[in-house]
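Read through the structure below, which is laid out as structure tokens, and then see the notes.
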Amino acid sequence: MKNDTVLLEQIVTPEKHSFIRKKENLKGTIWKLQADAVVIGSGAGGSVAAAELSAHGWKVILIEEGSFFNSENFPEDEFHALSSMYRDGGVIFEEKGQASILQGRTLGGSTTINWQASLYPEDHVTNEWREKFGLSGFTQKENALFIKQVHERLNVHTVPESLRNENNNILFRGSQSLSVKPESLKNNSKGCIGLGRCGLGCPINAKQSTFLTYIPDAISKGATIITNMRATEIVDGKTKKVKAEFSPHRFKKTPSDIFEKLEISAQVVIVSAGAIESPALLLRSNLGNGLVGRHLKLHPTQTIFARFTREVKMYEGVPQSIVVKSPLPGINGHNFWIEAAPYRLSLATSLIPFFGKAQFETLKNYKNLQAGIVLARDGADGPVDSSVEWKFGRRRVHYQLSRSDAQNMLLGLKTLAEVQTAAGATELVFPFRRFTRPVSVKRGDDFSWILSESPDTFFAVGSAHPHGSIQASDDMAKGAIDGNFELYGHKNIFVMDASVFPTALGVNPQITTMSVIMNRARALASLNHRDSKKL
Ligand SMILES: Cc1cc2nc3c(=O)[nH]c(=O)nc-3n(C[C@H](O)[C@H](O)[C@H](O)COP(=O)(O)OP(=O)(O)OC[C@H]3O[C@@H](n4cnc5c(N)ncnc54)[C@H](O)[C@@H]3O)c2cc1C
Ligand code: SF4
């Protein structure tokens with residue numbers, strides 16, 4: 001097999017359009033192609049699906065809206081990274097400002113800019129999928145083959161203690177001195193030296209994002225990868241058509257002679273645009289039942305910043321190496337976890353719930369701040385009442401934290417405050433709007449008051465884990481896609497990304513997305529794609 005760097009040179013970036021035009025003698029602004037399958041999106045789901053189908057001899061074309069960034073051209077500063085590699089130029093805002101969501105918009109999707117924590121849900125979650133949604137085959141044991149293959153390809157391993165940074169060490173030490181037990185996290189890197197730039201793209205290609213793994217795998221088996229093309233519509237029919245339009249690099253001059261539009265005819269369409277954009281694409285294409293876009297899960301987070309008398313430098317080192325799980329049973333199997341967050345200055349500033357001088361003073365000594373986050377497994381009160389809709393030519397996200405999810409969040413914040421003070425924090429910045437400055441704290445302080453806080457005073461929840469917005473079920477009254485992830489009512493249109501989960505994962509989603517999608521993509525791939533009776 002050719003080496004991965006050579007394979008990446010085959011990616012069709014805008015600079016190559018002119019050459020293709022000349023070689024194929026193509027005129028006009030529309031480029032027309034044909035494939036067995038077209039995959040829309042190159043993140044955790046799409047790249048794995050493309051690699052599986054290509055490996056089985058399918059002619060695959062994958063299109064990605066974002067640009068191709070890699071270690072040679074990742075933006076150096078946070079401003080340029082957010083605006084060119086993140087969706088909506090940095091943050092997707094919920095319609096009423098209740099949530100701010102981070103997602104990648106670059107080759108490799110969110111895996112290119114994620115923080116690498118590598119987890120799989122506990123069996124009570126996947127048992128719930130089988131019992132309530134008829135979706136089987138995904139307990140840790142049942143899906144073990146696929147989890148193992150993903151772990152091997154991505155070099156998933158426990159983060160060594162030598163690479164644990166102070167941001168995570170504080171969680172480790174603070175929770176050890178209480179009755180809560182810290183656990184080490186696994187991540188997907190090879191040769192990581194703890195530069196702490198994961199969120200901006202790893203400058204030494206240590207993080208094993210999909211653009212370095214499954215995308216080269218797909219190319220090596222003949223797949224065509226086209227960046228800077230945004231799918232605008234899927235047209236159903238015996239042969240499907242995916243229409244896309246050119247999506248320029250935010251800061252680079254667009255070459256002359258580019259194709260402004262792309263039309264791909266294919267037997268099979270795989271929608272892998274992520275849990276926000278996949279439902280938006282299906283909705284604007286008028287495809288699917290009333291559950292497309294419903295029950296969006298966010299794995300909502302809240303942050304407490306803790307001030308220490310020494311340097312923490314949350315932005316240096318491996319972002320996440322410790323998790324503190326709730327010591328309590330939780331509500332209906334829904335619980336909270338605590339992790340560290342490697343916020344750089346813009347994100348940190350946006351998460352401080354007060355302004356002006358108090359905000360400036362808080363951030364002045366930013367390197368002494370530690371950031372702990374509480375992540376709640378949403379859905380404790382039943383199906384999450386949140387959605388993605390397409391209305392008046394625009395995608396809109398609606399999210400409402402339910403009462404029990406908020407209760408779990410408050411329990412988590414109380415535990416996090418105890419952990420941070422046990423580790424020696426002197427001030428805490430709470431995510432409640434009523435506070436106008438940090439609160440002085442000391443070891444042993446009682447934080448029971450947090451449990452009486454009203455969710456109405458919460459600062460907007462954050463999320464980097466949107467999922468479950470096109471949920472799967474063998475019953476079309478409960479899901480928008482069936483157990484093979486095929487869209488109800490639309491043969492040969494599949495959804496293969498983090499949208500498919502019927503209930504919230506409760507863990508960071510990348511490994512679950514890859515291994516669950518690999519499972520179903522391999523089943524699809526093994527069908528003879530030229531035998532239309534089987535497809
Ligand atoms: C900052 C950050 C940190 C994270 N940290 C972790 C972590 O530590 N551990 C973990 O497990 N998970 C983490 N995640 C989440 C994880 O990366 C995602 O859950 C996972 O990548 C989701 O896979 P996906 O295929 O659904 O979507 P994505 O990986 O987001 O890929 C979707 C792709 O589709 C493209 N696309 C969208 N619309 C279109 C269109 N119309 N046409 C063409 N292309 C389109 C997008 O540009 C994007 O590249 C993090 C995410 C972020 C943003
Ligand atoms: S911590 Fe640094 S070296 Fe390690 S994967 Fe992240 S960006 Fe790369």
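May I ask you to verify whether Asp257 is closer than 30 Å to Asp36 by Cα, surrounded by fewer than 21 Cβ atoms within 10 Å (Cβ to Cβ), in the same structural domain as Thr513 (by TED's automatic domain parsing) and modelled with pLDDT under 95? It is true that Asp257 is closer than 30 Å to Asp36 by Cα, surrounded by fewer than 21 Cβ atoms within 10 Å (Cβ to Cβ), in the same structural domain as Thr513 (by TED's automatic domain parsing) and modelled with pLDDT under 95. Residue by residue through segment 175-218, note down the ones that are within 15 Å of ligand 1 (Cβ to nearest atom), assigned to a helix (DSSP H, G or I) and of a type outside the set (Gly, Ala, Ser). Answer for segment 175-218, where residues must be within 15 Å of ligand 1 (Cβ to nearest atom), assigned to a helix (DSSP H, G or I) and of a type outside the set (Gly, Ala, Ser): Cys198, Leu200, Thr210, Phe211, Leu212, Tyr214, Ile215. All of (1) of a type outside the set (A, V, I, L, M); (2) over 16 Å from the mean Cα position of the chain (by Cα); (3) closer than 30 Å to Thr5 by Cα hold for Phe138 with one exception: (3).
Taking Gly483, is it at pLDDT 95 or above and part of a loop (DSSP other than H, G, I, E, B)? So Gly483 fits the description; yes. Scanning segment 362-400 for residues that are in contact (Cβ under 8 Å) with a residue 12 or more places away in the chain and either among the β-branched types (Val, Ile, Thr) or part of a helix (DSSP H, G or I) (or both) turns up Thr362, Leu363, Tyr366, Lys367, Asn368, Ile373, Val374, Val384, Val388, Val397.
Taken over segment 261-281, the criterion of being away from ligand 1 (no atom under 11 Å from the Cβ) and either of a type outside the set (Asp, Glu) or closer than 19 Å to Ala51 by Cβ (or both) is satisfied by Lys261, Ile264, Ser265, Ala266, Gln267, Val268, Val269. Can you find a residue that is modelled with pLDDT of 95 or more, within 30 Å of Gln34 (Cβ to Cβ), of a type in the set (Ser, Thr, Tyr) and not in a loop (DSSP other than H, G, I, E, B) anywhere in segment 509-516? So far as segment 509-516 goes, yes, one or more of its residues are modelled with pLDDT of 95 or more, within 30 Å of Gln34 (Cβ to Cβ), of a type in the set (Ser, Thr, Tyr) and not in a loop (DSSP other than H, G, I, E, B). Test His157 against the criterion of being more than 16 Å from ligand 2 (Cβ to nearest atom) and of a type outside the set (Phe, Trp, Tyr), and give yes or no. When the stated conditions are applied, His157 does not pass them.
Scan (1) surrounded by fewer than 18 Cβ atoms within 10 Å (Cβ to Cβ); (2) free of Cβ contacts under 8 Å to residues at least 60 places away in the same chain; (3) more than 13 Å from ligand 2 (Cβ to nearest atom); (4) over 28 Å from Phe69 (Cβ atoms) for the single condition Ser162 breaks and write down its number. Ser162 satisfies every listed condition except (3). Can you tell me which of Val397, Val441, Val388, Val429 is over 21 Å from Ser278 (Cβ atoms) and crowded, with 21+ Cβ neighbours inside 10 Å? Matching residue, one of Val397, Val441, Val388, Val429: Val429.
Here is a check on your reading of the model: is Ala244 within 20 Å of Ile113 (Cβ to Cβ), crowded, with 17+ Cβ neighbours inside 10 Å and either near ligand 1 (Cβ under 10 Å from one of its atoms) or free of Cβ contacts under 8 Å to residues at least 40 places away in the same chain (or both)? It is false that Ala244 is within 20 Å of Ile113 (Cβ to Cβ), crowded, with 17+ Cβ neighbours inside 10 Å and either near ligand 1 (Cβ under 10 Å from one of its atoms) or free of Cβ contacts under 8 Å to residues at least 40 places away in the same chain (or both). Within segment 269-317, the only residue that satisfies the criterion of being touching a Leu at 6+ places or on another chain (Cβ under 8 Å), surrounded by fewer than 23 Cβ atoms within 10 Å (Cβ to Cβ) and assigned to a strand (DSSP E or B) is Arg307. One residue is enough: does segment 21-28 have a residue meeting the conditions in a helix (DSSP H, G or I), in contact with a helix residue (DSSP H, G or I) (Cβ under 7 Å, 6 or more places away or on another chain) and under 22 Å from Lys261 (Cβ atoms)? For segment 21-28, residues in a helix (DSSP H, G or I), in contact with a helix residue (DSSP H, G or I) (Cβ under 7 Å, 6 or more places away or on another chain) and under 22 Å from Lys261 (Cβ atoms): absent. When the residues of segment 31-60 are filtered to those that are surrounded by fewer than 24 Cβ atoms within 10 Å (Cβ to Cβ) and aliphatic (A, V, I, L, M), the one that is nearest to Asn228 (Cα to Cα) is Leu33.
Does Asp88 fit the bill of being closer than 30 Å to Ala144 by Cβ, surrounded by fewer than 23 Cβ atoms within 10 Å (Cβ to Cβ) and at pLDDT 95 or above? Against the criterion (closer than 30 Å to Ala144 by Cβ, surrounded by fewer than 23 Cβ atoms within 10 Å (Cβ to Cβ) and at pLDDT 95 or above), Asp88 does not qualify. Considering segment 460-512 alone, what residues qualify as being surrounded by fewer than 24 Cβ atoms within 10 Å (Cβ to Cβ), charged (D, E, K, R) and touching a residue at least 60 places away in the same chain (Cβ under 8 Å)? If the condition is that a residue be surrounded by fewer than 24 Cβ atoms within 10 Å (Cβ to Cβ), charged (D, E, K, R) and touching a residue at least 60 places away in the same chain (Cβ under 8 Å), then Asp474, Asp475, Lys478 are the ones that fit. Being aliphatic (A, V, I, L, M) and farther than 21 Å from Pro329 by Cα is not true of Leu171.
The values are calculated or read from the model by the stated rules, or taken from the named source; none is laboratory data. Just so we're clear, the structure is a prediction, and the values are computed from it rather than from any experiment. Neighbour counts run over all protein chains shown; Cβ positions are idealised from the backbone, glycine included.
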